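Below: one structure, written as structure tokens.
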Ligand SMILES: [Zn+2]
């Protein structure tokens, strides 16, 4: 026995550890993807030609990497492409786009991580790898591997956004996304901690830190900015009201948020009033990071153009659209090769706007308000309806709590069988006349959606069970009972 015991220091298979801090050329990274404040003086205001040249160089590098991933090689070869065929960004439309369904197939074909990644499990010892997933769905969530560049660039993207929204070194920024498998909380953490000199307060969602405690911690420790979804900020407003907590007393400087389909700005106005601080909208994704952000001008969202190339596709056919047309966003990551993300149709509907010098000094193309998610889109009597498009009418009406859930079901039998959508809406209190509220919302929703839907008024705090509000990073707005036959 004694002969076999290992001698400390005498391990002949001594492992070479891929230390994180040596895995990146930090000076090169900061030069290539300037964090704030350098961003606003460099990449954030490049001439259109210089930007195009930069995007082109990065695009070709990512395309070359993608050829080594079986997922891309298979799809691109099937489309008749060969290495070398893509000579510049002008050729991008020759590359087939893909959706999250294709990524799920890639994972099923080469479990557990999928063959869109350039490395398999055996590569994990050579570079520091982090596993992140998309938000909760049924079955295993969609997994993405992050190498240090993928992690740090999404941190830089986020830091640029926060800086443009007024964040500065020394701020304490409370993050109400859980830093777990989904990526958003980490984007916030890394941006704030690594690239802003500010302090992240990672309270997580209401499931990790109950809403009352979120507010108590904020007050006790001096939170002066927030990184939180609009829906959860509204929830905190309700909780503050119930516990007679003075939100204005927090002295909040600004709030980084995702406002959803806040087309007429009702949610933003209500939140700004309740918090006594400006609220900034942003747009990002699990795989591509923080794609676009509002600056203090609150005039649409600046695109992080040196990190992502954006196109738009028709919602129904997937055909390429001209810039400025309403359509699904197709993203190509310009910074990450782990994994390459090339022509990813995210099925998020937005509108792009032309490059212009903004009041903040940045000069970029911009993105509109988020208009809806196509994989949640339902066809109702021939009209495309996005559940998120109900938000504006519901939030605007002071008689509601702002909470709603769209329920799709089949009604009738045989030839008379048809699809119906009922919007369940919470009334603020039992003193609200449910009949009058339902009538008014039916009319408002008919106007906003372009099709008639029914409205069912329910009591306050009863929808959270189904929407996941306060417990999950994402709030569910569609309950589809059609497949269950109900
Ligand atoms: Zn701006």
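The values are calculated or read from the model by the stated rules, or taken from the named source; none is laboratory data. Computed from a prediction, not measured in an experiment: that's the story for all the values here. Glycine also receives a Cβ, built like all others from the backbone with ideal geometry; neighbour counts cover every protein chain displayed.
Below, the figures for the structure above:
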| quantity | calculated |
| --- | --- |
| Unique residue being farther than 28 Å from residue 385 by Cα and at pLDDT 95 or above when the list is 291, 341 | 341 |
| Count - residues of segment 133-170 that are at pLDDT below 95 and assigned to a strand (DSSP E or B) | 2 |
| Residues that are surrounded by 18 or more Cβ atoms within 10 Å (Cβ to Cβ) and either under 15 Å from residue 149 (Cα atoms) or touching a strand residue (DSSP E or B) at 6+ places or on another chain (Cβ under 8 Å) (or both), drawn from segment 115-127 | 116, 117, 118 |
| Answer from 364, 332 - the residue that is in a strand (DSSP E or B), within 16 Å of the ligand (Cβ to nearest atom), in contact (Cβ under 8 Å) with a residue 24 or more places away in the chain and touching a strand residue (DSSP E or B) at 6+ places or on another chain (Cβ under 8 Å) | 364 |
| Qualifying residue in segment 422-430 (condition: over 28 Å from the mean Cα position of the chain (by Cα) and exposed (fewer than 14 other Cβ atoms within 10 Å of the Cβ)) | yes |
| Number of positions in segment 257-271 that are closer than 23 Å to residue 356 by Cβ and either within 16 Å of the ligand (Cβ to nearest atom) or touching a strand residue (DSSP E or B) at 6+ places or on another chain (Cβ under 8 Å) (or both) | 3 |
| Residues satisfying the stated conditions in segment 351-361, i.e. surrounded by fewer than 22 Cβ atoms within 10 Å (Cβ to Cβ) and either within 16 Å of the ligand (Cβ to nearest atom) or assigned by TED's automatic domain parsing to the domain that holds residue 463 (or both) | 353, 354, 355, 356, 357, 358, 359, 360, 361 |
| Hey, residue 204 over 27 Å from residue 30 (Cα atoms) and touching a strand residue (DSSP E or B) at 6+ places or on another chain (Cβ under 8 Å) or not | yes |
| Residue tally, condition within 16 Å of the ligand (Cβ to nearest atom) and out of contact with any strand residue (DSSP E or B) (no Cβ under 9 Å at 6 or more places or on another chain), over segment 272-305 | 1 |
